[in-house]
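Taking it in order: structure first as structure tokens, then the write-up.
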Amino acid sequence: MLRAEPATRRGTARTVRDTWLDHVIIALAFALLLSGFRSIVSGTDWWITTVLVATLAGLTCAVLRAVGMRWVAPVALLVELLALAWIFVPETLLVFVPTIDTFRGLGSLASAAQEIIVEEQAPVAAARPVVLLIASSFGLLVIVADTLLASRRAAAAIGVLLVAVFATPALISGDTPSVWLFVAVAALWLVILRSRTTLGNGAIRRQGGPAVVLATAALAAAVAFPIISPDVSAVAASWGKPPAAVFGRGINPMLELGQNLRRNGTSTALTYTTGLDEAPYLKVATLRDFTGKTWRPGSNGRLGALEGEFAIDPNISAERVSTTITIRNLRSDMLPVPYPLYEVSGLDGRWVRDKFGLTLTSRNDDTRGQKYSVTSLDVRPTANQMRALSTDVGIQLKDEVALPKRIPAVIEETAREVTADADNQYDRVLALQDYLRDGGFTYSETAPVAEDYDGNGVDVIAEFLDKKSGYCVHFSSAMAVMARTLDIPSRIAVGYAPGSVDSIRSGRNVYEATSDDLHAWTEIYFEGAGWIKFEPTPGVGSATAFKEPGSSATAPEDGEVRDPEQLAAPEGANRFDSTTQTSTQSSQTAPRTALITVAGLVVLLGAPWLIRRSRRRWRLSHADTSIEPIWRELEDTARDFGVAFSLSETPRGFAGRLSERRGIDQEALDRLLRRVERARFARAAAQDGDGVDDLRAVIASLEVDATRQERWRAIALPRSLSGRRSYTSSASAPVPLAT
């Protein structure tokens, strides 16, 4: 009988060690590459989530490879799916089992991630859809890398995979890759390359020479690439850089608004002087038609409600006031004008006035370089006059109160609860405005994206009323829809909120409107006063409220110069300072991910031991009826400790080879051998005992002779779980089974 056990055991240990080392190197390389994605996603929560999900997927692959199981990739994909479901859509699981709603929920988040990629500029907030996309992608990459590691020629494919991941954030954001990141990942890849050109006994293959040359070339390229190459420009144009136009032709202004508000950088869109007492809102579009999912511009193809001076009762004060606007950095075919517009002069090109909403648009020209004067109406009814007005919703206003057939009940319930004490339209509208401005709501451009309720549909509005955090799109939509549930005509205006004082010229304030002042607000129709602006967004402009009887407040005289500091917003009211909110409003998935990962690791590391222990208990419980379960347990235990096994081997051949191990309990082994041979070959042979004590004696002697590493391996990663197939304990050559 040949003795190859010591060399065999050394070869097995080296093979296992190299397999785990390769997985650790791959994990470290992906962790380094993940740091490069900080140029496209802000915060750190997403990084923790992604690392833990990828770690869970990688450990699943490593454990399954270590125990010799097949179908590693499908099982790892299932584990990743369960982890993602528990992290992102736990409410859809049936205990631990994914349901149809699980896949719908993950699909919905994936679709939202696609919209964010298309609409947002890097770096984006760590919204749940974005975190899901990155975490699932890196988990899948780890599984692909594990599959490649199982191939003998894995180094080249893994190198291509690492380069692709390295280049991704650069192609999106346009930032030049870090040379040190490239060097670090290249060095790790070279370690994998070297391990793939080394035999189990440490001898270098003949192909080792080219590998060394390739290593030198890779390191040189790592250092030279960022220096000799031009800056990488973004190929994902819609995410990597802003669009060419604001409020472009054929694009829904409401959909563009959130995108433009969240873009990095601030530019001056326009400056203006005005004869109005306060800086006016400048409107570019009017949205009337509500589909239940979004607002769309209205049409002037029918006889609508009167607007402008024709809609104002003669008893209500309305003066014509001039505003001069100079475009700075704005390209649009929609012209910013105060409402209600009376006339405009000084424009270059051909502009068409839309009697619906009183806005101006052009088919062939845009706003660049324009300087023009707008005469608008300064409508000043008193509060009592507004309370006396009643609006008859007839055919002219049917579209302004139209709602989809299905809307969440919370919208109308909230509207009626808020306005319960009001007995006229004006006070009801004031109650809605005050509720949104002072009812515990906060302004945030990141919370809706992070919490996956961005938009302006009815479901989004219901979620917004619960979360109480959003930006102008949510506030204006909520107020308009709640007003319609009360049969109050409403619509949404899109344009620029009042700018800040930039300078003083000829005794007048010069106001500046920037890209941060892009805004949406609500307009309510009052028969006898026309469309009146209301401001539901907290921290923006001032709430609409007309002079009450006996009020001592007086407006500044026409053209009075105001100190810019007096016009500054109160401390903490700046709606555009969203940087402090990003970290708190981003998707908080890291704590749940950590919990899921810990639970997953416990399952991964404990499941093999639990399955193996259960199998042993079952076999021992059936030992009184047959010796076969006992002998199977002996074979599996020997395999767990690295003893070679073959399906074609006889019990005597296996026992003879097992006896070669030092310290084996030979007497107990011989008794077990006699029992199994009698059971298989003798006729009605009597058995002396069930053999359980002898089995335990042999197992105990195996454990005494084994090294600490072999004992831990037998417990945590038992080889016998891979099924009953021939097994050799050396990666380089089979061990002779018997002589």
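The values are calculated or read from the model by the stated rules, or taken from the named source; none is laboratory data. Note that the structure is a prediction, hence the values are computed from the model and not measured. Quick reminder, even Gly has a Cβ in these numbers, built from the backbone with ideal geometry, and neighbours come from all protein chains shown. Only protein heavy atoms, including side chains, enter the accessible area calculation; ligands, DNA and RNA are left aside. Shrake-Rupley method; radii C 1.70, N 1.55, O 1.52, S 1.80 Å.
Averaged per residue, what accessible surface does segment 363-406 expose to a 1.4 Å probe, in Å²? Don't jump to the answer; show the numbers that get you there.
Details: 2610 Å² over 44 residues.
Result: 59 Å² per residue.
Descending by average beta-carbon neighbour count within 10 Å, the peptides 494-506, 324-336 line up as 324-336, 494-506, the highest first. Take each peptide in 614-623, 76-85, count the other Cβ atoms within 10 Å of every residue, and average; sorted highest first, the result is 76-85, 614-623.
How long is the gain from residue 648 to residue 609 if the chain were fully straight, where each residue apart is worth 0.36 nm and the alpha carbon distance is subtracted? Please list the in-between numbers first.
Details: separation 39, 0.36 × 39 = 14.04 nm, distance 2.74 nm.
Fully extending the segment from residue 648 to residue 609 adds 11.3 nm.
Projected label points at residue 466 and residue 320, each 7 Å from Cα along the beta carbon direction, are separated by 5.3 nanometres. Remark: for residue pairs 293/398; 283/371; 355/398; 283/468; 293/468, the C-alpha separation exceeds 24 Å in 283/468. Bridge orientation summary for segment 397-523: considering DSSP beta bridges with both residues in this region, about 85 percent are antiparallel.
Working out 0.36 nm times the residue gap between residue 157 and residue 28, then minus their Cα-Cα distance, what length gain in nm do you get to one decimal? Intermediate values should be presented prior to the final figure.
Values: separation 129, 0.36 × 129 = 46.44 nm, distance 1.73 nm.
Separation in residues times 0.36 nm, less the Cα-Cα distance, equals 44.7 nm.
Does segment 360-503 come out rounded, prolate or oblate by the C-alpha gyration tensor, with a ≥ b ≥ c the root eigenvalues, rounded set by a/c under 1.5 and, if not, prolate when a/b is larger than b/c and oblate if not? Before the final figure, lay out each step's value.
Working: a/c = 1.59, a/b = 1.18, b/c = 1.34.
Because a/c hits 1.5 or more and a/b fails to exceed b/c, segment 360-503 counts as oblate.
A straight chain from residue 100 to residue 628 at 0.36 nm per residue would run longer than the Cα-Cα distance by 185.7 nm. Only protein atoms count toward the accessible area here, which uses a 1.4 Å probe; on segment 423-486, the carbon and sulfur part of that area reaches 37 percent.
The lysines within cross-link reach of residue 547, meaning a Cα-to-Cα straight distance under 17 Å and a gap of 8 or more places when in the same chain, are 533. The peptide list 99-109, 132-142, put in order of mean Cβ contacts within 10 Å with the highest first, becomes 132-142, 99-109. Across segment 705-718, rounded Karplus estimates of 3J(HN,Hα) from the backbone phi angles (6.51 cos²θ - 1.76 cosθ + 1.60, θ = phi - 60°) give 7, 6, 6, 4, 5, 5, 5, 5, 5, 5, 7, 7, 10, x Hz, Gly and Pro being marked x.
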